[in-house]
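Asks: Below are the structure tokens for one structure; questions will follow.
Every read-out reported here was derived from the displayed coordinates using simple, explicitly stated rules and does not represent laboratory data. What you see is a predicted model; the values in this text were computed from it and never measured. When we count neighbours, we look across all protein chains shown, and the Cβ atoms used for this are built from the backbone with ideal geometry, even at glycine.
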Ligand SMILES: [Fe+2]
């Protein structure tokens, strides 16, 4: 999502900003890039990703290898949780993004990174959007959370609170960790789709790992240029959904507006600290 885009869709896109995926236009090299990334991440994630993510991975194993055909993927996903995947040309305005989520449509980029970009990409491609996000959309509880987030986004418009709400998405959907009886596990799409951060988020002493705290998180800035300096750990997807659904966000936004914004590496007295990070990695990688 992005706040600074014009509200009219670009040429070739529908009024809701969707475009055809045009699956036939992918080259063999494009499909090979997907297959390489897919294999590498599945191998990496088997003892790192949340069990719900791993269970959802099967949704991506379609009738052909390579980049999933959104039509076939959507059919399967719809049967599981009533969600669909639609292609968009790139970032879309906030209102368009929220409206799709509120109607159980996940917007995905259709391009795939070049083979020399396997490890770093500034804009989300189809591997991030589909491998990272779609498996959890096959989980009924997480599927409801994503819809609730979209509905919350529509309500937040005009409340001057989108910057706060975006932090909830960032620290859960993109970079969330889950506590399990076997230790911490990854569920955020930004982590599961990154070879390097899949290790860093769980194993590196640098970042903070803090218990999920909704009002605290709405105040917390984040880095978009490197690995996160703090990760927030949820106890369960059911708890995340309950807290999002049962919280009246309007007074929360008002309360947060009176408090200072917290830096990405902040640890404050109210935090449930699972690991107080050294921030050594962040010090080696100064802000861009
Ligand atoms: Fe994402």
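Asks: Please give the FRET efficiency for residue 15 paired with residue 222, using the beta carbon to beta carbon distance and R0 = 22 Å, rounded to the nearest 0.05.
Replies: The computed FRET efficiency comes out at 0.10.
Asks: Oh, and also: Between residue 141 and residue 245, what length in nm is gained on full extension when 0.36 nm per residue of separation is reduced by their alpha carbon distance?
Replies: 36.3 nm
Asks: So, one more: Given springs between every Cα pair under 10 Å in a Gaussian network model of the chain, which of 225, 16, 94 has the largest fluctuation?
Replies: Evaluated over the chain, the most mobile residue of the options is 225.
Asks: As an exercise, find the ratio Rg/Rh for the range 161-210 from alpha-carbon atoms, using the Kirkwood inverse-distance average for Rh.
Replies: 1.00
Asks: With an 8 Å Cα cut-off and a minimum separation of 6 or more residues, compute the relative contact order for the chain in percent.
Replies: This gives 18 percent for the chain.
Asks: Say we join alpha carbon atoms closer than 10 Å with springs in a Gaussian network model of the chain; which of 181, 264, 51 then has the biggest fluctuation?
Replies: Among 181, 264, 51, the largest GNM mean-square fluctuation belongs to 181.
Asks: Here is a follow-up. For the range 63-142, what class follows from the C-alpha gyration tensor (a ≥ b ≥ c being the square roots of its eigenvalues): rounded when a/c is under 1.5, otherwise prolate if a/b is larger than b/c, else oblate?
Replies: Judged from the Cα gyration tensor, the range 63-142 comes out oblate (a/c at least 1.5, b/c at or above a/b).
Asks: So what's the gap between the Cα centers of the range 45-94 and the range 207-272, to the nearest angstrom?
Replies: 27
Asks: Another question, if that's okay. With 10 angstrom as the radius, rank 25, 215, 206 by how many other C-beta atoms surround their C-beta, starting from the fewest.
Replies: By the 10 Å Cβ count, ascending, the order reads 25, 215, 206.
Asks: On to the next question. Calculate the length of the line joining the C-alpha centroid of the range 117-137 to that of the range 153-189, in whole Å.
Replies: Here the answer is 16 Å between Cα centres.
Asks: Springs between alpha-carbon atoms under 10 Å, Gaussian network over the chain: tell me which of 21, 151, 270 tops the mean-square fluctuations.
Replies: Maximum fluctuation in the GNM of the chain, among the listed residues, is at 270.
Asks: Looking at the P(r) of the chain, how many percent of alpha-carbon pairs lie beyond 28 Å?
Replies: 35
Asks: What distance in nm separates the two pseudo spin-label positions at residue 276 and residue 120, each 7 Å out from Cα along the beta-carbon direction?
Replies: The answer from the label model is 3.1 nm.
Asks: So how do 110, 155 line up by other beta-carbon neighbours within 10 Å, fewest first?
Replies: With the sparsest Cβ surroundings first, the list reads 155, 110.
Asks: Once fully extended, how much extra length lies between residue 42 and residue 195, figured as 0.36 nm per residue of separation less the alpha-carbon to alpha-carbon distance?
Replies: Extra length from residue 42 to residue 195 when fully extended: 54.1 nm.
Asks: Ranked by Cβ crowding within 10 angstrom, fewest neighbours first, how are 120, 231, 222 ordered?
Replies: 120, 222, 231
Asks: Going by the alpha-carbon gyration tensor, a ≥ b ≥ c the square roots of its eigenvalues, is the range 23-114 rounded (a/c under 1.5) or, if a/c is not under 1.5, prolate (a/b greater than b/c) versus oblate?
Replies: oblate
Asks: Right, another one. Restricting to the range 23-284, what percent of DSSP beta bridges are antiparallel, rounded to 5?
Replies: About 30 percent, rounded to the nearest 5.
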